[in-house]
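To keep things clear, I will list the structure first and then write my remarks on it.
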Amino acid sequence: MLAEGINPNATALPATSPAQDHRLRMVNRTMQLYRNEPHGLIETLHTVQESFGYLEEPILRYVAAALQVPLSRVYAVATFYHSFTLRPPGEHTCVICRGTACYIGGSGQILDRIKEKVGIATGETTADGKVSLLEARCLGSCGLAPAGVFDGEVTGKLSPEKVLEKIGRWQHHDPEH
Amino acid sequence: MTLNIEDLQQIARIEKSKKDGFQHRINVCLAAGCLSCGSGLIKEALEKEVTRRGLDSWCKITGVGCLGLCAEGPLLSLPTSGSYYQGVQVSDVPEILDSLNGSPVARLVCPAETPFFQRQVRIVTENCGRIDPERIEEYIAEDGYAGLYQALTQMTPQEIIDQVSGSGLRGRGGAGYPTGLKWMSMAKAMGSTKFIICNGDEGDPGAFMDRSVLESDPHRVIEGMVIAGYATGANQGFIYVRAEYPLAVKRLRLALSQAERMGMIGNNIFNTSFHFNLQVRLGAGAFVCGEETALIASIEGRMGRPRPRPPFPVEFGLWDHPTMINNVETLANIAPIIRRGSQWFAGIGTEKSKGTKVFALAGKVVNTGLIEIPMGTSLRDIVFAIGGGIPQGGRFKAVQTGGPSGGCIPEQFLDMPVDYDSLAQVGSIMGSGGMIVMDASSCMVDVARFFMEFCMSESCGKCVPCRVGTRQIYDILGKITASRATMAEFTMLEDLCDLIKNTSLCGLGQSAPNPVLTTLKYFRDEYLAHIHDRQCLAGACKKAEEVL
C-alpha cells in the first residue's frame with residue numbers, strides 16, 4: 001500500500017489525539033535537529049519507532065514530506081534496515097541474540113522451543129498481542145551467551161526453560177513481571 | 001571555554017588528590033555484560049551502605065567500564081589492594097565493606113595472578129575498568145587530551161602523520177591498511193570541506209571490542225578523532241555507532257557534550273585556530289554498513305548500499321567531499337602514539353603488525369571476555385593460557401576469527417602467531433577482533449551454514465553474485481547438513497565460492513565464502529562424511545529422515 005505515489009500536499013499533520021501530539025513533537029524535534037534535511041531520515045525514523053513503537057504509514061508520509069524525501073526512499077530505508085519495523089509490536093518484546101557465540105551456545109534451540117511452545121517465530125506476535133519475538137544479530141554480550149533482551153533488559157546465560165518461563169509470566173499477567 | 005595546559009594539569013591534579021583522599025576505592029563494572037547481571041544494583045547497594053555507615057569520605061564507589069572477564073560478572077575491582085571480586089551479589093555488600101581493612105572475602109575473590117590478567121598489554125583498554133567513563137575529569141587525570149594538546153600546539157600536521165606512519169599502526173577494522181598512508185592521502189586530498197568518520201558499526205556477530213571501548217573510555221576515541229582532523233585538514237567528524245549499543249551511544253553523547261563544554265571540540269581548540277565539530281550517528285542494523293561506501297550512504301540518510309571503488313572515499317566520500325574512515329580501535333591508539341612516540345608503539349608486536357589487538361574471546365572457552373594482547377601472541381596462548389582452555393574438559397576443534405568474513409582455524413595452527421599476515425596465510429582474516437572458540441560438539445558444516453545464513457540475509461542485494469550466490473551456497477550447505485547432498489552439489493559449492501569471491505562488488509560478498517573455504521580446506525572429512533556416510537561427525541546435525 002505504501003508503494004503508491006506520494007501525496008505532494010501531505011505536509012499537514014495527520015489527525016491526532018493529544019497523546020499522539022506529544023509523540024509527533026518528539027519526531028519534529030529530531031527533524032529540526034537536522035534542519036529538516038534528508039540526511040536526518042534514519043535518525044528521524046529511530047525517533048518515530050521509539051515514540052510510536054513502529055513505523056506507521058501516516059507518519060512515514062509525514063516524515064517524507066517534512067524532509068522532502070520521496071516516500072519511496074523513506075519506505076526503502078524503513079525496510080532496508082533491520083532495526084525498523086512496520087508492524088505494531090506486542091505488549092512485551094523478547095529478543096533472542098543469534099550472534100556466533102550465542103548460536104554456538106544454543107540460541108537456535110531456544111528459538112525452536114519458543115516456536116514449539118508459544119507458537120511464534122521470529123518477527124511474529126502472539127495472537128493475544130502480548131508477546132513479540134525478535135532476533136538480534138549480535139548484542140555484543142557474547143561473554144554471556146546465549147543472551148537476550150526482555151523488554152529492553154539484557155539478560156545472559158539463557159536456557160529454553162528460563163525464556164519460556166519469562167514469556168509464560170508475561171502471558172499470564174504476573175503483576176511482578 | 002578554552003583550556004591551556006595548566007588548566008588540564010590542574011584538573012588532573014585535583015582529580016588525583018580527590019582519589020588519593022579516599023582510604024579505599026571500589027570500582028564496579030558497569031559495562032553491558034556486568035550490567036545485565038545486575039552490577040547497577042550492586043553499585044547502588046554499595047553506595048547506600050557506605051552512606052548508612054557514614055563512610056562517605058573514607059570509601060569511594062565508582063562505576064567503571066569493562067573489567068574484561070565478562071563470564072564471571074558482576075565484577076568489582078579494588079584498586080587500593082589490587083584484588084578483584086567476581087560473581088558479586090547484592091547480599092555480599094556488607095561483607096565486602098567489612099573486609100576492606102582486613103583480608104578480602106575469600107569466596108568472591110577472582111584470582112588476579114592468572115594469565116588472563118597478567119598476559120595482557122593494555123594500550124587501547126588502558127583506562128577500561130579504571131576510570132568512570134561518564135566523567136571527563138577522570139580521563140584527563142590519566143593523561144587524557146594531553147596528546148591532543150601536544151598535537152595542536154607543538155606539532156605540524158605532517159609531523160603527526162609521520163608519527164602515525166612511523167608507529168606502524170594498521171587499520172583495526174580488519175583489512176589492516178596502514179593508517180599513516182590513509183592519513184597521508186587524506187591530507188593530500190583537494191577540497192576545503194573534509195570529513196572524518198569513526199566506524200563503530202561493529203556488525204560481526206561475536207565481536208564486542210568497539211562496544212567496550214566506547215562504553216568504557218569514549219573520550220579516547222574523541223581525542224583520536226580530533227587529532228586525525230587536525231592532521232588531515234578536516235573540520236567535521238561523525239561517529240557512526242550501531243543502534244544496538246544504547247549504552248555506548250549514551251556515554252558517547254555525554255562525552256561529546258563534556259568535551260564541547262571544555263573546549264576540546266568546537267572552535268579555537270586549546271586557543272589555536274583549529275576548529276572541529278563532532279556528531280554521533282546511529283546505524284539501524286545493517287551489517288553491510290561496516291563497508292566504507294555503504295556507511296557513507298547511511299550517514300547521508302539513504303539505504304546502506306556500497307558502490308564500486310575507486311573513487312575511494314578519501315577523494316570522493318560523504319556528500320562527495322574527501323572523507324576518511326577509521327575504526328574505533330584504530331582511533332583509540334592515536335592519543336597514546338602521540339603522547340609516547342611512534343618508537344614506543346613500534347616496539348610492541350611483530351615486524352609487520354605493530355602494537356596490540358583487542359579480541360573478544362567467546363564461545364567454548366572458560367574465560368570469555370575482552371582481552372588486549374601484543375600482536376604475535378600465539379593462538380594457543382590466547383585460547384589455553386589467557387582463555388583458560390575449553391570448559392568441562394572438552395576438546396579444542398577450531399577458532400573462528402573475523403566473523404562472517406573470516407575463517408575457521410584448526411588445531412594444527414595453534415602455535416601460529418596472531419598477526420595480519422599469518423591469519424591471511426591460513427585463509428582467515430584478523431577482522432575486527434571477534435574470536436570464537438569451538439569444541440568437538442560443533443559441526444563445521446553447520447558453522448559454515450550459520451555464517452552463510454548471516455551473509456545471505458545481510459547481502460544488500462545490489463550485485464548478483466552476492467545476492468544469488470550466498471543463497472545458493474546456503475541451500476547446498478543445508479542439504480549437506482541434512483545428509484541429502486550429492487557429490488555434484490559438493491563440486492558446485494566449491495565453484496560457487498570461487499565465483500562469489502572473485503566477482504562480488506564489495507567486501508561483504510568477496511569475503512562471504514571464507515568460512516566455507518576454510519572449513520572445506522581443514523575439515524573436508526566432515527563434509528564428505530555428511531555426503532557419503534550420511535552422518536555428522538560432531539553429532540550436531542539431524543539427518544534428513546529425522547528432520548522429516
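Packing-wise, with mean Cβ within 10 Å as the measure, how do B:374-380, B:108-114 rank, highest first?
Values: B:374-380: 20.1, B:108-114: 13.7.
Highest mean packing first, the order is B:374-380, B:108-114.
Excluding ligands, DNA and RNA, what is the solvent-accessible area per residue of the stretch A:22-80 at a probe of 1.4 Å, expressed in Å²? Mind showing how you got there, number by number?
Working: 2560 Å² over 59 residues.
Each residue of the stretch A:22-80 exposes 43 Å² on average to a 1.4 Å probe.
Rg and Dmax over the alpha-carbon atoms of the stretch A:125-177 stand at 11.8, 34 Å. Highest mean first, the peptides A:91-103, B:306-318 sorted by other C-beta atoms within 10 Å per residue fall in the order A:91-103, B:306-318. For chain B, adding -39500 (n - 2.57) for each run of n ≥ 4 DSSP H residues and dividing by the number of residues yields -12000 deg cm²/dmol at 222 nm. A crude spin-label estimate for the pair B:Gln154 and B:Ser441, with each label 7 Å from Cα along the Cβ direction, gives 5.5 nm. In this structure the amide hydrogen of B:Phe238, modeled in the peptide plane, comes within under 5 Å of the amide hydrogens of B:Ile196, B:Ile197, B:Cys198, B:Gln279, none closer than 5 places in sequence on its chain. Take each residue in B:238-251, count the other chain C-beta atoms within 10 Å of its C-beta, and the mean is 2.
Helix B:444-458 and the long axis of chain B differ in direction by around 70°, with both axes built from C-alpha atoms. Per residue, the convex hull spanned by the Cα atoms of the stretch B:107-180 amounts to 158 cubic angstrom.
For the stretch A:22-80, give the magnitude of the charge dipole about the Cα centre (Cβ charges: +1 Lys/Arg, -1 Asp/Glu; no others), in debye to the nearest 20.
160 debye
Within the stretch A:22-80, what whole-number % of the accessible surface is contributed by carbon and sulfur, with the 1.4 Å probe and all protein chains included in the calculation? Roughly 47 percent of what the probe reaches on the stretch A:22-80 is carbon or sulfur.
Rounded, prolate or oblate: which one fits the protein assembly as shown, using the alpha carbon gyration tensor with axes a ≥ b ≥ c (rounded when a/c is under 1.5, else prolate when a/b beats b/c, else oblate)?
rounded
Against the empirical 2.2 N^0.38 Å (N residues), the stretch B:356-439 has a Cα radius of gyration ratio of 0.95. Per-residue shielding of B:46-52, expressed as the average number of other chain Cβ atoms within 10 Å of the residue Cβ, stands at 0. For the stretch A:92-171, the Kirkwood estimate of the hydrodynamic radius, built from every pair of different alpha carbons, is 12.1 Å. Angle of helix B:464-481 to the longest C-alpha principal axis of chain B, folded into 0 to 90 degrees and rounded to 10: 70°. For the stretch B:235-240, 3J(HN,Hα) computed residue by residue from phi via the Karplus equation (6.51, -1.76, 1.60; θ = phi - 60°) reads 10, 9, x, 10, 10, 9 Hz, glycine and proline entered as x. Rolling a 1.4 Å probe over the protein heavy atoms of the stretch B:412-548, with every protein chain left in place, gives an accessible area that is 52 percent carbon and sulfur. Here the gap between B:Gln118 and B:Glu494, fully extended at 0.36 nm per residue and compared with their Cα-Cα distance, gives a gain of 131.0 nm. Chain A contacts chain B over a buried accessible area of about 3300 Å², both sides summed; the probe is 1.4 Å and only protein chains count. By the Cβ distance rule (another cysteine Cβ under 4.7 Å), the unpaired cysteines of chain A are A:Cys94, A:Cys138, A:Cys142.
Under 5 Å between amide hydrogens, built in the peptide plane, is the criterion, and for B:Arg170 it picks out B:Thr179, B:Lys354 among residues at least 5 positions away or on other chains. Projecting the Cα atoms of B:His275, B:Ser257, B:Ile299 onto the charge dipole of the stretch B:244-328, computed from C-beta unit charges around the Cα centre, puts B:Ser257 farthest toward the positive end. By its C-alpha gyration tensor, with a ≥ b ≥ c as the square roots of the eigenvalues, how is the stretch B:438-504 shaped: rounded for a/c under 1.5, else prolate for a/b larger than b/c, else oblate? Verdict is oblate for the stretch B:438-504. Cα axis of helix B:5-20 to longest principal axis of chain B: angle in degrees, 0 to 90, nearest 10? It is inclined by approximately 90 degrees. Let me make sure I get this right: for chain B, a, b and c are the square roots of the gyration tensor eigenvalues over alpha carbons, sorted descending. Under 1.5 in a/c it's rounded, otherwise prolate if a/b > b/c, else oblate. Which is it? Taking the square roots of the gyration eigenvalues as a ≥ b ≥ c, chain B is oblate. Near A:Leu86, the amide H atoms lying under 5 Å from its own belong to A:Leu55; only residues 5 or more places off or on other chains count, and H is placed 1.01 Å from N.
Computed extension length for B:Asn502-B:Asp525: 5.7 nm, one decimal, from 0.36 nm per residue of separation with the Cα-Cα distance subtracted. Highest mean packing comes first when the peptides A:144-155, A:54-65, B:339-350 are listed by Cβ atoms within 10 Å, giving A:144-155, A:54-65, B:339-350.
Counting only protein heavy atoms and a 1.4 Å probe, chain B has 36 square angstrom of accessible area per residue.
In this simple spin-label approximation, B:Asn271 and A:Arg87 carry label points 7 Å from Cα along the Cα→Cβ vector, and these lie 6.2 nm apart.
Partners of A:Lys157 within straight-line reach, counting aspartates and glutamates whose Cα lies under 15 Å from its Cα and excluding those fewer than 8 residues away in the same chain: A:Glu165, B:Glu72.
Rounded to the nearest 20 debye, the dipole magnitude of the protein assembly as shown is 520 debye, with +1 charges on Lys and Arg beta carbons, -1 on Asp and Glu beta carbons, and the Cα centre as origin.
A 1.4 Å probe, protein heavy atoms only, puts the accessible area of B:Cys66 near 10 Å².
At a 1.4 Å probe radius, which order do B:His24, B:His530 fall into by accessible area, largest first?
Most to least solvent-accessible, the answer reads B:His24, B:His530.
Give the average, rounded to an integer, of partner chain Cβ atoms located within 10 angstrom of each Cβ in A:126-137.
Other-chain Cβ atoms within 10 Å of each residue's Cβ, averaged: 1.
For chain A, a simple Cβ point-charge model (Lys and Arg +1, Asp and Glu -1, everything else neutral) yields a dipole of about 320 debye relative to the Cα centre. Relative contact order, percent, of chain B when contacts are C-alpha pairs under 8 Å separated by at least 6 residues? Value for chain B: 14 percent.
Name the residue from B:Ile429, B:Gly461, B:Asn502 whose Cα lies farthest towards the positive end of the charge dipole of the stretch B:429-548, charges +1 on Cβ of Lys and Arg and -1 on Cβ of Asp and Glu. Of the listed residues, the answer is B:Gly461.
Helices of chain A meeting both criteria, an alpha-carbon length of 27 angstrom or more along the long axis and an average Kyte-Doolittle score not below 1.6, with helices taken as full DSSP H segments, do not occur.
Using the Kirkwood radius over C-alpha pairs as Rh, can you work out the diffusion coefficient of the stretch B:153-193 via Stokes-Einstein at 37 °C, viscosity 0.692 mPa s, in µm² per second? Estimated via Stokes-Einstein, D reaches 299 µm²/s.
The values are calculated or read from the model by the stated rules, or taken from the named source; none is laboratory data. What you see is a predicted model; the values in this text were computed from it and never measured. When we count neighbours, we look across all protein chains shown, and the Cβ atoms used for this are built from the backbone with ideal geometry, even at glycine. In case anyone asks, the SASA skips ligands and DNA or RNA and just uses the protein heavy atoms, side chains included. Shrake-Rupley method; radii C 1.70, N 1.55, O 1.52, S 1.80 Å.
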